[in-house]
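J.: Could you have a look at this structure, given as structure tokens, before my questions?
The values are calculated or read from the model by the stated rules, or taken from the named source; none is laboratory data. Everything numeric here is computed off the predicted structure, so don't read it as measured data. Neighbour counts are summed over all protein chains in view; Cβ atoms, including those assigned to glycine, are modelled from backbone coordinates with ideal geometry.
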Amino acid sequence: MNVLNYDKLLHIGTEEVQVGFHKSYHYHRYEPTPYEHLEQLFREFPLREADHIVDFGCGKGRLNFYIHYVFQSTVKGVEINEDFYHQALHNLERYAKNRKKKKEKIHFYLGRAEDYLVQPEDNYFYFFNPFSLPIFQKIISNIIYSLEESSRKVNIILYFPSDEYRFFMDNHALFKQQGEVKVGNRTDKDTFIIYQSLY
């Protein structure tokens, strides 16, 4: 399915790319992950209904609705842009109204990603290069703190990762690369990289 068909099927609007940039250089502009890339990723790394996924920099919620529709997993989106957050909530109302699946498993939070309190059940964390390395490092620290409080395996999914993100994760003592899914024109950056905790 193409983008418009998926958005139409789910009764949501996520296709429009942000024009311009965030006022802080730490936060990057909104650009949704292409649906065909999500299909390819989750064919190779399927989720379970019991999984809890957090999308940092979720924008209008495309990943959240796609995962909930396909896997019925619990999905959480964290977004700093108030306009996108409200569009995600609007999408949630439209999605829930037109589906039998309950919306209680879809949550959106307005605020800075580094302020999100990682929950003991959260076990997947998704990043589409949404912000600068210092913020990413802070979030990884928050995840590790959560693992110390509640030991479990977690997975970090990076889409179109920056060289800085990759270097940081490749050299992190508590994570190992679990897999890689090349998509699109299969360039080095046009890829998903999955890291798993060593806990």
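J.: Is it the case that the range 92-103 has a residue that's under 14 Å from the mean Cα position of the chain (by Cα) and either assigned to a helix (DSSP H, G or I) or buried (at least 18 other Cβ atoms within 10 Å of the Cβ) (or both)?
T.: Taking every residue of the range 92-103 in turn, none turns out to be under 14 Å from the mean Cα position of the chain (by Cα) and either assigned to a helix (DSSP H, G or I) or buried (at least 18 other Cβ atoms within 10 Å of the Cβ) (or both).
J.: Tell me the residue from Tyr145, Tyr109 that is free of Cβ contacts under 8 Å to residues at least 40 places away in the same chain and either within 26 Å of Glu82 (Cβ to Cβ) or of a type in the set (S, T, N, Q) (or both), please.
T.: Of Tyr145, Tyr109, the one residue that is free of Cβ contacts under 8 Å to residues at least 40 places away in the same chain and either within 26 Å of Glu82 (Cβ to Cβ) or of a type in the set (S, T, N, Q) (or both) is Tyr109.
J.: I've got another one for you. Among the listed residues Ile139, Ile80, Ile156, Ile106, which satisfies the condition of being under 18 Å from Glu31 (Cα atoms) and surrounded by 21 or more Cβ atoms within 10 Å (Cβ to Cβ)?
T.: Ile80
J.: Based on what the data block shows, is Ile157 modelled with pLDDT of 95 or more, under 25 Å from Leu38 (Cα atoms) and not in a strand (DSSP E or B)?
T.: When the stated conditions are applied, Ile157 does not pass them.
J.: Can you name the residue in the range 43-97 that is in contact (Cβ under 8 Å) with a residue 12 or more places away in the chain and small (Gly, Ala, Ser) and, of all such residues, is farthest from Tyr109 (Cα to Cα)?
T.: Looking at the filtered set, the residue picked out is Ala50.
J.: Within the bounds of the range 57-67, is there any residue that is out of contact with any Asp or Glu (no Cβ under 7 Å at 6 or more places or on another chain), surrounded by fewer than 19 Cβ atoms within 10 Å (Cβ to Cβ) and at pLDDT 95 or above?
T.: Looking through the range 57-67, none of the residues is out of contact with any Asp or Glu (no Cβ under 7 Å at 6 or more places or on another chain), surrounded by fewer than 19 Cβ atoms within 10 Å (Cβ to Cβ) and at pLDDT 95 or above.
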